[in-house]
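Peer 1: Just passing along the structure, written as structure tokens.
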Amino acid sequence: MNKPIRVMLVDDHTMVRKGLATFLKIFDDLKLAGETGSGTDAIELCVKIQPDVVLMDMVMPDMDGAEAARKIHQKVPHVQVIMLSSFKDGNLVKKALEAGAIGYLLKDVSADELARAIRLAHAGRATLSPEVAQSLVETANLPPAPGLDLTEREREVLSLMVDGLSNIQISVKLGVSSSTIKSHVSNVLSKLGVASRTEAVSLALRTHIVP
């Protein structure tokens, strides 16, 4: 008989961990290897006990699941991490997958579906809840965030616009001609899709394009 898959639980809610521990007892091929309520502690525990699969909460107070997954992936790359979350936001899913998670499931997943995902993860295969996959697709189809295509100089000019400097003041500060600054400002407005300096400044502050 094959050895059971050793599963580690990471969730800051004790009742969730207890529920998952009970779930693992249902299946002969799954075994609780350890548990913790902290993303920070999860890294150390994972290195110590070397589980096969980690079920990781995405949102925790000390360190989010994605960051914990990234550090686990760096220290023990053979350990597979499945995110088990209440949130299906596409950006969160993307963040988790980029951190090295092999799966992302919602917490209302059935016991059989979760067990299947753990087995697939152990075999190196990914699993996403259907709603999560849909959210990821929708996020991928969103237009890019404003300001991503600004050059470093244009970003610098925008930052000075936010500070309230005029074209002439910006040209003096950057040591270039006012006509050059006028051209940069025109490019900034065009790339941000706005009609005026005021709109550009408002958008920059609202979307944190510049610090």
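Peer 1: Could you tell me whether any residue of the stretch 96-112 is hydroxyl-bearing (Ser, Thr, Tyr) and over 24 Å from residue 140 (Cα atoms)? Even if it seems obvious, please write down each step before you answer.
Peer 2: Applying the first criterion (hydroxyl-bearing (Ser, Thr, Tyr)) to the stretch 96-112 yields 104, 110.
Then drop every residue that is not over 24 Å from residue 140 (Cα atoms), which leaves 110.
Within the stretch 96-112 (the criterion being hydroxyl-bearing (Ser, Thr, Tyr) and over 24 Å from residue 140 (Cα atoms)), the answer is yes, since at least one residue qualifies.
Residues are listed down the side, and each one gets a yes or a no for (1) outside any helix (DSSP H, G or I); (2) surrounded by fewer than 20 Cβ atoms within 10 Å (Cβ to Cβ):
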| position | (1), (2) |
| --- | --- |
| 2 | yes, yes |
| 24 | no, no |
| 54 | yes, no |
| 72 | no, no |
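Peer 1: Test each condition in (1) buried (at least 19 other Cβ atoms within 10 Å of the Cβ); (2) in a loop (DSSP other than H, G, I, E, B); (3) assigned by TED's automatic domain parsing to the domain that holds residue 43 for residue 136 and report the one that comes out false.
Peer 2: (2)
Peer 1: Here is a check on your reading of the model: is residue 165 more than 16 Å from residue 57 (Cβ to Cβ), in contact with a helix residue (DSSP H, G or I) (Cβ under 6 Å, 6 or more places away or on another chain) and surrounded by 13 or more Cβ atoms within 10 Å (Cβ to Cβ)?
Peer 2: no
Peer 1: Checking the condition over 18 Å from residue 20 (Cα atoms) and modelled with pLDDT of 90 or more, which residue from 134, 80, 50 passes?
Peer 2: Selected residue: 50, the only one of 134, 80, 50 that is over 18 Å from residue 20 (Cα atoms) and modelled with pLDDT of 90 or more.
Peer 1: Additional query: Test each condition in (1) without any contact (Cβ under 8 Å) to a residue 40 or more places away in the chain; (2) surrounded by fewer than 17 Cβ atoms within 10 Å (Cβ to Cβ); (3) in contact with a strand residue (DSSP E or B) (Cβ under 7 Å, 6 or more places away or on another chain); (4) over 26 Å from residue 130 (Cα atoms) for residue 49 and report the one that comes out false.
Peer 2: Unmet for residue 49, out of (1) without any contact (Cβ under 8 Å) to a residue 40 or more places away in the chain; (2) surrounded by fewer than 17 Cβ atoms within 10 Å (Cβ to Cβ); (3) in contact with a strand residue (DSSP E or B) (Cβ under 7 Å, 6 or more places away or on another chain); (4) over 26 Å from residue 130 (Cα atoms): (1).
Peer 1: Check whether at least one residue in the stretch 87-107 is out of contact with any strand residue (DSSP E or B) (no Cβ under 9 Å at 6 or more places or on another chain) and among the hydrophobic types (A, V, I, L, M, F, W, C), and report yes or no.
Peer 2: No, every residue in the stretch 87-107 fails to be out of contact with any strand residue (DSSP E or B) (no Cβ under 9 Å at 6 or more places or on another chain) and among the hydrophobic types (A, V, I, L, M, F, W, C).
Peer 1: Of the conditions (1) in a loop (DSSP other than H, G, I, E, B); (2) under 24 Å from residue 115 (Cβ atoms), residue 61 satisfies every one except a single condition; which number is it?
Peer 2: In the conditions (1) in a loop (DSSP other than H, G, I, E, B); (2) under 24 Å from residue 115 (Cβ atoms), residue 61 misses (2) alone.
Peer 1: Residue by residue through the stretch 14-29, note down the ones that are more than 15 Å from residue 119 (Cα to Cα), in contact with a Leu (Cβ under 6 Å, 6 or more places away or on another chain), without any contact (Cβ under 8 Å) to a residue 24 or more places away in the chain and not charged (D, E, K, R).
Peer 2: The answer is 21, and nothing else.
Peer 1: Let me ask something else about it. Filter the stretch 74-94 for residues that are of a type outside the set (D, E, K, R) and in a loop (DSSP other than H, G, I, E, B) and give the result.
Peer 2: Listed by number, the residues that qualify are 76, 77, 78, 79, 86, 87.
Peer 1: Hey, residue 123 hits all of (1) within 17 Å of the chain's Cα centre (by Cα); (2) loosely packed, with under 14 Cβ neighbours inside 10 Å but one; which does it fall short on?
Peer 2: So the condition that residue 123 fails would be (1).
Peer 1: Let me ask something additional. Output the residues belonging to the stretch 56-70 that are within 22 Å of residue 19 (Cβ to Cβ) and either buried (at least 22 other Cβ atoms within 10 Å of the Cβ) or modelled with pLDDT of 95 or more (or both).
Peer 2: Within the stretch 56-70, 56, 57, 58, 65, 68, 69 qualify.
Peer 1: Here's something else I'd like to know. Checking residue 156 against (1) closer than 24 Å to residue 206 by Cα; (2) out of contact with any helix residue (DSSP H, G or I) (no Cβ under 9 Å at 6 or more places or on another chain); (3) surrounded by 14 or more Cβ atoms within 10 Å (Cβ to Cβ), which single condition isn't satisfied?
Peer 2: Failed condition: (2).
The values are calculated or read from the model by the stated rules, or taken from the named source; none is laboratory data. Predicted model, so just to flag it, every value in this text is computed and none were measured. Cβ: placed from backbone, ideal geometry, glycine included. Neighbour counts: every protein chain shown.
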